[in-house]
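Nothing in this text is a laboratory measurement; each read-out follows from the coordinates by a stated rule. Because the structure is predicted, anything quoted here is derived from the model rather than measured. Please note: Cβ atoms are built from the backbone with ideal geometry, for glycine as well, and neighbour counts cover all protein chains shown.
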Amino acid sequence: MSRRRQIYEGKAKILYEGPEPGTLIQYFKDDATAFNADKKGTINGKGVINNRISEYVFTRLAHIGIPTHFVRRLNMREQLVRQVEIVPIEVVLRNVAAGSICKRLGLTEGDPLPHTLIEYYYKDDALGDPLISEEHIACFNWASQEEMQDIASMAIRINDFLCGMFAAVDIRLVDFKLEFGRIYEGDFSRVILADEISPDGCRLWDMKTNDKMDKDRFRQDLGGEEEAYQEVARRLGILQNDDGGPGEVLDMSAHRGRLRGGTKGAAPKPKK
Ligand code: UDP
């Protein structure tokens, strides 16, 4: 078999040329980075779980009419996706204060925001992905006004849908990052959802205990990141015996010490 041509290697994924023009294969690695790649490590089995979680989320979003790059999962670590021209903007949706907004505005982690916030960051590692406004996007022509309207309305729908989807399994969607890409159809182009949606790019807190179930476990050296990612997948009902995931229900209490994330506010403290 001839070796596939690698198109791009990112921090957590590799993109290979796909089987047909206009397609790519997205390979999920176990590598984890934080703080603009200053901190590097691996989370065993992360790639396998994120492949499954992202497949599940993108499939559910397609069902509510969100156009996405996802075509189908190919195997444990790979999915077939449509090739897009990536819009160089990270779209962050926030429901609860956490992460960079706390530092920037002096908020306390866990404070609910008066309403959902959309933020835009310019995708440039060398600059540390700076926060930008729609004025910058228009000024430097990173996306058209029309594209930004589509992106913002899709982002809000995605947030509403995912808040409900996670709430149904007792998980609070604190914040998350989306990326969009352009596809060209004749003389026209449109934006569709690209990249991935997984605990790498979302903050997910257990609603009852406030345990962190996302990459903050790695960022903040809390430990138990494998178990946390598996637990998200298990609650969504997407880990089966043959996937290398836990065969039986994972008892969180066994990991309680390791999964405790030390968040304030929002949810009540667990009963001992
Ligand atoms: N995020 C991401 N990639 C980035 C920056 C942020 O996936 O390059 C996600 C992050 O996981 C969180 C949300 O976007 O769910 C908001 O991140 P924040 O701005 O608080 O930055 P951080 O605290 O991660 O530096």
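Points to keep in mind about this one:
- Screening region 193-210 for residues that are in contact with a Ser or Thr (Cβ under 6 Å, 6 or more places away or on another chain) and within 15 Å of residue 54 (Cα to Cα) and picking the one that is farthest from the ligand (Cβ to nearest atom) gives 193.
- Whichever residue in region 73-116 is within 17 Å of residue 183 (Cβ to Cβ) and charged (D, E, K, R) and, among such residues, is farthest from the ligand (Cβ to nearest atom): 82
- Considering 25, 66, 53, 49, the condition of being touching a residue at least 40 places away in the same chain (Cβ under 8 Å) and touching a Ser or Thr at 6+ places or on another chain (Cβ under 7 Å) is satisfied by 53 alone.
- Considering only residues in region 151-179 that are of a type in the set (Asp, Glu) and within 16 Å of the ligand (Cβ to nearest atom), the one that is farthest from residue 229 (Cα to Cα) turns out to be 179.
- Test: residue in region 145-155 that is more than 21 Å from the chain's Cα centre (by Cα) and on the phi > 0 side of the Ramachandran plot: no
- Verdict on residue 64 being within 16 Å of the ligand (Cβ to nearest atom) and either within 21 Å of residue 192 (Cβ to Cβ) or among the β-branched types (Val, Ile, Thr) (or both): no
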